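**Student:** Please find one structure pasted underneath; my questions will follow.
The values are calculated or read from the model by the stated rules, or taken from the named source; none is laboratory data. Bear in mind that the values here come from a model prediction, so they are computed numbers and not experimental data. Virtual Cβ from ideal backbone geometry, glycine too; neighbours counted across all protein chains shown.
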Amino acid sequence: MQQEPRLDVTAPPDLHARLKPRLLPRPRNEALYARARAEGLSELQARVLAGRLADYEGELAPLTQPGLRYLEHPEHLADGRRAAERIARAVAEGEHIGILTDYDVDGITSHVVIRRTLVELFGVPEPRLHSLIGHRIHDGYGISLPLVERTLGLSPRPSLVITADCGSSDEPRIARLKAAGIDVVVSDHHALPVEGPPVSAHAVVNPTRDDCQYPDGTIAGCMVAWLVMSLTRSVLVEWGVIPAATPKLSSWLSYVALGTVADCVSLGASPANRAVVRHGLTLINRMEAACWRAMAARLGEGSIPFSAETLAFQMGPRINARSRLDDPYAALHFMLAEDDATATRHLQTLDDDNQSRKAIEAEMIEEARALAMPQLEADRPVLVVFLEGGHPGVQGIVASRLVQAFGRPALVLTPAAAPGMLTGSGRSIEALHLRDALQRAHELAPEALPRFGGHRGAAGVGVPVAWLEVFRAALLQAVTEQLGAAELYPRVLTDGALAPGQFQLATLSELEALGPYGREFDAPLFEGEFLVESLRSVGADGTHLSMVLSTGAASLKAIWFRALTPGELPVFGMGDTLRCAYRLNRNRWRGEESLQLMVEYAEPLGR
């Protein structure tokens with residue numbers, strides 16, 4: 001669970017006041033609330049739904065009862081048929097195929113989908129496949145020049161490269177591959193550059209294309225890859241290359257669910273994303289693949305069944321940690337492991353990296369917060385922080401923490417591998433489209449932002465060191481143009497209060513029925529006043545608070561993760577009354593289940 005980060009105690013008092021998180025009720029779509037009640041949803045379910053879908057006017061069933069029947073046919077994807085026929089020809093004619101994907105969870109799961117489909121369903125021999133995954137630090141994102149050189153150096157050289165979760169902004173490198181006789185089929189979901197799809201690609205399958213008829217542009221890269229490979233199966237059946245009895249790709253939706261959740265694409269008004277996550281979790285919880293079993297064993301008793309939050313906060317960070325600190329192939333080997341021992345061995349590598357990532361992250365966050373203070377005092381609407389000794393693999397996490405703490409978009413820069421360059425990751429707030437802001441900054445100062453990409457909520461940049469201040473000024477202007485005079489502050493949006501009688505597992509089951517929860521469909525968060533009956537610090541470093549809180553006749557166990565800094569005492573004690581923002585959680589222990597509160601923010605009343 002993510003908790004609102006604590007404020008920097010060195011901040012001036014007036015800044016403290018401005019940056020104190022505000023607990024606010026979620027705006028409610030009253031028409032949707034009334035419709036949900038009329039269609040049989042409980043008051044609590046209708047409240048949660050109406051607080052997340054501000055402008056939704058479609059049918060409720062695809063969102064409240066997600067199912068694969070709501071997936072659109074991949075033929076609706078622009079270039080989908082052309083991509084599928086080129087892949088099918090490579091399969092039929094025994095060509096060597098390169099699989100080039102991003103290094104994050106979306107890219108790794110895309111890689112698994114493509115590779116397992118080619119080998120297990122289409123019968124492509126392993127030696128004809130070449131896994132091409134860039135190193136985050138040494139190669140950079142997408143079809144980078146080092147990856148192009150690696151591809152051209154393969155022997156035998158692939159005649160087809162299939163990308164996933166990247167490629168839309170890589171025309172120069174695609175042109176080089178084409179000149180060498182290699183066709184490139186791009187499958188991606190990132191926003192296209194203003195000049196459009198890369199013209200040198202054989203096909204570009206991307207639901208964000210202006211000419212694409214696929215109705216959902218929010219699907220993850222792994223979902224685009226799954227649709228392309230599904231269409232390829234249909235083509236191969238049509239051509240008589242594989243039998244009609246060849247299984248469909250529905251079994252791989254377990255990987256698509258993981259990639260979809262971890263890539264933070266919308267789980268709000270997206271029937272496709274909700275369907276694949278709901279169905280994928282069902283597949284995952286059968287524990288048929290070694291990777292899922294190894295993770296369940298690592299997480300311990302009570303971790304099954306996995307939820308979308310398990311994927312987001314347990315599995316995703318471990319897979320991402322590998323690419324943040326080293327080459328990503330251990331993550332791929334973990335996902336593809338055929339037995340528990342192999343999966344467990346690779347998971348240990350991911351776990352070790354994740355612990356290292358946490359230590360690096362803590363140091364970078366402390367430095368980033370200190371560097372952000374002058375910008376906050378000047379009330380800048382966007383934070384741009386340069387960490388001279390920062391690790392480039394942790395930029396995005398640090399940016400996210402700044403956004404959570406200070407309620408404004410943030411971009412964290414560190415030195416790049418290329419001399420004279422900085423690389424950076426940005427995270428945004430709901431009110432700002434980050435990629436559009438970067439596009440505007442590029443128009444204002446193209447030399448200061450030669451490379452950027454991403455989407456509304458997250459983006460990556462390359463900035464020449466000498467142009468840092470020019471870039472900062474251009475981005476500041478671009479963000480100001482979008483946000484205007486909007487007041488920015490950290491906010492905690494809640495779904496209101498629960499009555500004492502609602503603190504029971506049945507209420508949690510009522511809420512779980514509306515899942516999956518994720519980006520743009522946040523897990524329910526409630527607020528209320530509670531009496532502190534007991535509290536104690538827990539955890540290896542004493543930074544978590546275990547409490548017993550009461551309201552009315554209800555007495556509840558509660559946990560507040562990262563509530564304290566090491567050696568710090570809480571600012572409240574037994575007998576105090578807290579105003580809390582909390583989630584309901586199902587605590588499993590020795591076969592028993594009980595309700596627990598997961599506190600996300602708390603403040604003592606009357607202080």
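**Student:** From (1) in a loop (DSSP other than H, G, I, E, B); (2) touching a strand residue (DSSP E or B) at 6+ places or on another chain (Cβ under 8 Å); (3) under 22 Å from L336 (Cβ atoms), pick out the condition that doesn't hold for G123.
**Tutor:** (2)
**Student:** Next question. Would you say R357 is charged (D, E, K, R) and not in a helix (DSSP H, G or I)?
**Tutor:** no
**Student:** Filter the range 158-174 down to the residues that are touching a Pro at 6+ places or on another chain (Cβ under 8 Å) and either aromatic (F, W, Y) or part of a helix (DSSP H, G or I) (or both), then identify the one that is nearest to I99 (Cα to Cα).
**Tutor:** I174
**Student:** Follow-up. Which helices (runs of 4 or more DSSP H) does the range 260-332 wholly contain that include 3 or more residues that are closer than 24 Å to E361 by Cβ and out of contact with any strand residue (DSSP E or B) (no Cβ under 8 Å at 6 or more places or on another chain)?
**Tutor:** Hits in the range 260-332: 290-299, 316-325.
**Student:** Listed residues G94, G140; which is small (G, A, S), assigned by TED's automatic domain parsing to the domain that holds P207 and within 22 Å of the chain's Cα centre (by Cα)?
**Tutor:** None of the others qualify; the one that does is G140.
**Student:** Can you tell me which of R401, R408 is in a helix (DSSP H, G or I) and among the basic types (K, R)?
**Tutor:** One residue alone meets the criteria, R401.
**Student:** Mind checking which residues of the range 391-406 are in contact with a Leu (Cβ under 8 Å, 6 or more places away or on another chain) and surrounded by fewer than 22 Cβ atoms within 10 Å (Cβ to Cβ)?
**Tutor:** Hit for the range 391-406 is H391, nothing else.
**Student:** Go through the range 206-230 and give me each residue that's closer than 16 Å to A90 by Cα and either surrounded by fewer than 23 Cβ atoms within 10 Å (Cβ to Cβ) or out of contact with any helix residue (DSSP H, G or I) (no Cβ under 7 Å at 6 or more places or on another chain) (or both).
**Tutor:** Within the range 206-230, S230 is the sole residue that qualifies.
**Student:** Determine whether the range 361-381 contains at least one residue that is buried (at least 16 other Cβ atoms within 10 Å of the Cβ), in contact with a strand residue (DSSP E or B) (Cβ under 6 Å, 6 or more places away or on another chain), in contact (Cβ under 8 Å) with a residue 24 or more places away in the chain and in a helix (DSSP H, G or I).
**Tutor:** Scanning the range 361-381 turns up at least one residue that is buried (at least 16 other Cβ atoms within 10 Å of the Cβ), in contact with a strand residue (DSSP E or B) (Cβ under 6 Å, 6 or more places away or on another chain), in contact (Cβ under 8 Å) with a residue 24 or more places away in the chain and in a helix (DSSP H, G or I).
**Student:** Name the residue, out of S250, S234, that is out of contact with any Lys or Arg (no Cβ under 7 Å at 6 or more places or on another chain), under 30 Å from P156 (Cβ atoms) and in contact (Cβ under 8 Å) with a residue 40 or more places away in the chain.
**Tutor:** S234
**Student:** A further question on this structure: Would you point out which residue out of W560, W589 is modelled with pLDDT of 90 or more and of a type outside the set (A, V, I, L, M)?
**Tutor:** W560
**Student:** In addition: Quick one: how many residues across the range 160-208 are of a type in the set (G, A, S) and over 23 Å from the mean Cα position of the chain (by Cα)?
**Tutor:** Residues flagged as of a type in the set (G, A, S) and over 23 Å from the mean Cα position of the chain (by Cα) within the range 160-208 amount to 8.
**Student:** Being out of contact with any Gly (no Cβ under 8 Å at 6 or more places or on another chain) and in a strand (DSSP E or B) is true for just one of V470, V463, V492. Which residue is that?
**Tutor:** V492
**Student:** Take the conditions assigned to a loop (DSSP other than H, G, I, E, B) and modelled with pLDDT of 95 or more and apply them to L597. Does it pass?
**Tutor:** The answer is no for L597.
**Student:** Still on this structure, I have one more. Of the residues in the range 69-96, how many are outside any loop (DSSP other than H, G, I, E, B) and modelled with pLDDT of 95 or more?
**Tutor:** Going through the range 69-96 one residue at a time, the tally reaches 16.
**Student:** Suppose we filter V186, V194 for residues that are within 30 Å of P247 (Cβ to Cβ) and assigned by TED's automatic domain parsing to the domain that holds A88; which single one remains?
**Tutor:** Just one listed residue meets the conditions, V186.
**Student:** With respect to S230, determine if the residue is closer than 30 Å to V204 by Cβ and assigned by TED's automatic domain parsing to the domain that holds S168.
**Tutor:** Yes.
**Student:** Given the condition in a loop (DSSP other than H, G, I, E, B) and under 24 Å from the mean Cα position of the chain (by Cα), answer yes or no: does some residue in the range 235-249 qualify?
**Tutor:** no
**Student:** If you take the residues of the range 436-450 that are surrounded by fewer than 20 Cβ atoms within 10 Å (Cβ to Cβ) and in contact (Cβ under 8 Å) with a residue 40 or more places away in the chain, which of them is farthest from the chain's Cα centre (by Cα)?
**Tutor:** Here the residue is R440.
**Student:** Of the residues in the range 423-439, how many are over 21 Å from P193 (Cα atoms) and either assigned to a strand (DSSP E or B) or among the small types (G, A, S) (or both)?
**Tutor:** Selection size over the range 423-439: 1.
**Student:** For Y103, are the conditions met, namely being surrounded by 18 or more Cβ atoms within 10 Å (Cβ to Cβ), modelled with pLDDT under 95 and outside any helix (DSSP H, G or I)?
**Tutor:** So Y103 fits the description; yes.
**Student:** If the requirement is being among the hydroxyl-bearing types (S, T, Y), surrounded by fewer than 18 Cβ atoms within 10 Å (Cβ to Cβ) and more than 25 Å from P419 (Cα to Cα), which of these qualifies: S155, S168?
**Tutor:** S155 is the lone residue from the list that is among the hydroxyl-bearing types (S, T, Y), surrounded by fewer than 18 Cβ atoms within 10 Å (Cβ to Cβ) and more than 25 Å from P419 (Cα to Cα).
**Student:** Is one or more of the residues making up the range 347-355 of a type in the set (S, T, Y) and buried (at least 21 other Cβ atoms within 10 Å of the Cβ)?
**Tutor:** No, that holds for no residue.
**Student:** Look at the range 527-543 and say how many of its residues are surrounded by fewer than 19 Cβ atoms within 10 Å (Cβ to Cβ) and touching a Phe, Trp or Tyr at 6+ places or on another chain (Cβ under 9 Å).
**Tutor:** Here the count works out to 2.
**Student:** Right, next: When the residues of the range 484-501 are narrowed to those that are at pLDDT below 95 and closer than 15 Å to R583 by Cα, which ends up surrounded by the fewest Cβ atoms within 10 Å (Cβ to Cβ)?
**Tutor:** Ranking the candidates gives A499 first.
**Student:** Can you find a residue that is among the polar types (S, T, N, Q) and touching a His at 6+ places or on another chain (Cβ under 9 Å) anywhere in the range 62-84?
**Tutor:** no
**Student:** If H190 satisfies all but one of (1) within 22 Å of G460 (Cβ to Cβ); (2) surrounded by fewer than 18 Cβ atoms within 10 Å (Cβ to Cβ), what's the number of the condition it fails?
**Tutor:** Unmet for H190, out of (1) within 22 Å of G460 (Cβ to Cβ); (2) surrounded by fewer than 18 Cβ atoms within 10 Å (Cβ to Cβ): (2).
**Student:** Sticking with this structure for a sec: Does T543 count as hydroxyl-bearing (S, T, Y), closer than 24 Å to A359 by Cβ and either in the same structural domain as D495 (by TED's automatic domain parsing) or in contact with a Gly (Cβ under 7 Å, 6 or more places away or on another chain) (or both)?
**Tutor:** Spelling it out, T543 is indeed hydroxyl-bearing (S, T, Y), closer than 24 Å to A359 by Cβ and either in the same structural domain as D495 (by TED's automatic domain parsing) or in contact with a Gly (Cβ under 7 Å, 6 or more places away or on another chain) (or both).
**Student:** Something else: Being crowded, with 21+ Cβ neighbours inside 10 Å and among the hydroxyl-bearing types (S, T, Y) is the requirement here; does S323 meet it?
**Tutor:** yes
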